[in-house]
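Working notes, structure below.
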Amino acid sequence: MNLERQLLAQFATDHPAEVASALAAMSHREAALVLGNLAPAVAAGLLHYLPSLSAALSLEQLSTEDTAAILIAVRPDIAASILRTTPSERQAAVVACFPSRLQTVISSLLIYAEDTAGALMDPEVLTAFELEPVRQVLARLQRNPAHALYYLYVVADDQRLVGVVNMRELMGARPDASLASVCTRHVASIAASATWQTVVEHPAWGSVHALPVVDAAGQFIGVLRYETVRALERRRVSAAQTDSGLQTASALGELFGLGLRGIFQWPASGIAGGPGKRES
């Protein structure tokens, strides 16, 4: 990697919002030149600040495999938001490159309209049945720690949300006690169809780190994390500030000693034939 690319990669890592703003001010092909020549994890960090449609149109300039590599590295709700604005044939080809578990997660998010609670939730959260003993639940949590939250949500046999218990209370409970005897029955939740405005303004955020999401029948289907809601706010603000992108582009040009668009011509020979050539 030459010095210019190293500088760009470092700047994108340290200042993703500013670089994303610059990308939003460029043509989709120019933005693709940048995204395609950053490490997938770095490019993924920029997508948190790009409007979904802008990100989708830029990623369409890349090969299916390169697009998938970037979206695998981004949060599932962000990936689903971008795929939702991608043509169906292209969307299916990209999702087919995902690991099978991620394919399932993305599919569960794509059935909901963009920026609703159902589209923003994390569907991979452990739940437990209300009649399970604490001992059994703790053993399952130890086997699957990656899917544990601050809270454990308690459901009935039909997956209807009936309660919640925080991890401290769970670990301090008697091993033979049932979850029904230790959980709190009054649970703040949000409907999967709730709009992003309702999500952001929900009063429960003042006291919880996550909100359970339920469908029309009251069945638990996932969780909204506090950081996801804050990220949604940032993306909304970023989408409304596209004018600042040109100023950032100019600043980046000064940083590197040449025009920003000139920097992004480094990889031009690699995709001179367009997306089809990247596929070969």
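The values are calculated or read from the model by the stated rules, or taken from the named source; none is laboratory data. All figures in this text were calculated on a predicted structure; none of them were measured in a lab. Note: ideal-geometry Cβ built from the backbone for every residue, glycine included; neighbour counts use all protein chains shown. Heads up: the accessible areas ignore ligands, DNA and RNA and are worked out on the full protein's heavy atoms, side chains in. Shrake-Rupley method; radii C 1.70, N 1.55, O 1.52, S 1.80 Å.
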Being free of Cβ contacts under 8 Å to residues at least 24 places away in the same chain and closer than 18 Å to Val223 by Cβ is true for just one of Ile111, Ile190, Ile106. Which residue is that? Ile111
Which of (1) closer than 17 Å to Thr228 by Cα; (2) in a loop (DSSP other than H, G, I, E, B); (3) modelled with pLDDT of 90 or more; (4) of a type outside the set (S, T, N, Q) is the odd one out, the single condition Leu38 does not satisfy? (1)
Of the residues in the stretch 114-149, how many are over 20 Å from Leu211 (Cβ atoms) and either assigned to a loop (DSSP other than H, G, I, E, B) or touching a residue at least 40 places away in the same chain (Cβ under 8 Å) (or both)? 8
Between residues in the stretch 216-243 that are surrounded by 13 or more Cβ atoms within 10 Å (Cβ to Cβ) and residues that are modelled with pLDDT under 75 and in a loop (DSSP other than H, G, I, E, B), which pairs lie under 9 Å by C-beta distance while being six or more apart or on different chains? Val223/Leu149; Arg225/Leu149
Cβ-Cβ below 7 Å, separation at least six or inter-chain, first residue in the stretch 169-185 and without any contact (Cβ under 8 Å) to a residue 60 or more places away in the chain and more than 17 Å from Thr127 (Cα to Cα), second open to solvent by 70 Å² or more (accessible area, probe 1.4 Å) and of a type outside the set (Ser, Thr, Tyr): which pairs? Pro175/Arg135; Asp176/Arg135
Could you please let me know if Glu169 is over 16 Å from Pro133 (Cα atoms) and acidic (Asp, Glu)? no
Taking the stretch 60-76 on its own, how many of its residues are in a helix (DSSP H, G or I) and open to solvent by less than 10 Å² (accessible area, probe 1.4 Å)? 4
Looking only at the stretch 35-53, and only at residues there that are touching a residue at least 60 places away in the same chain (Cβ under 8 Å) and out of contact with any Leu (no Cβ under 6 Å at 6 or more places or on another chain), the one that is farthest from Pro123 (Cα to Cα): Asn37
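For the stretch 1-34, name all the residues that are in contact (Cβ under 8 Å) with a residue 12 or more places away in the chain, assigned to a helix (DSSP H, G or I) and of a type in the set (S, T, N, Q).
Within the stretch 1-34, Thr13, Ser21 qualify.
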Just checking, how many residues over the stretch 202-222 are in a helix (DSSP H, G or I) and modelled with pLDDT of 90 or more? 3
Sort through Leu57, Leu50 and tell me the only one that's in contact with a Ser or Thr (Cβ under 9 Å, 6 or more places away or on another chain) and buried (at least 23 other Cβ atoms within 10 Å of the Cβ). Leu50
What are the residues in the stretch 96-109 that are part of a helix (DSSP H, G or I) and surrounded by 16 or more Cβ atoms within 10 Å (Cβ to Cβ), if any? Leu102, Val105, Ile106, Ser108, Leu109
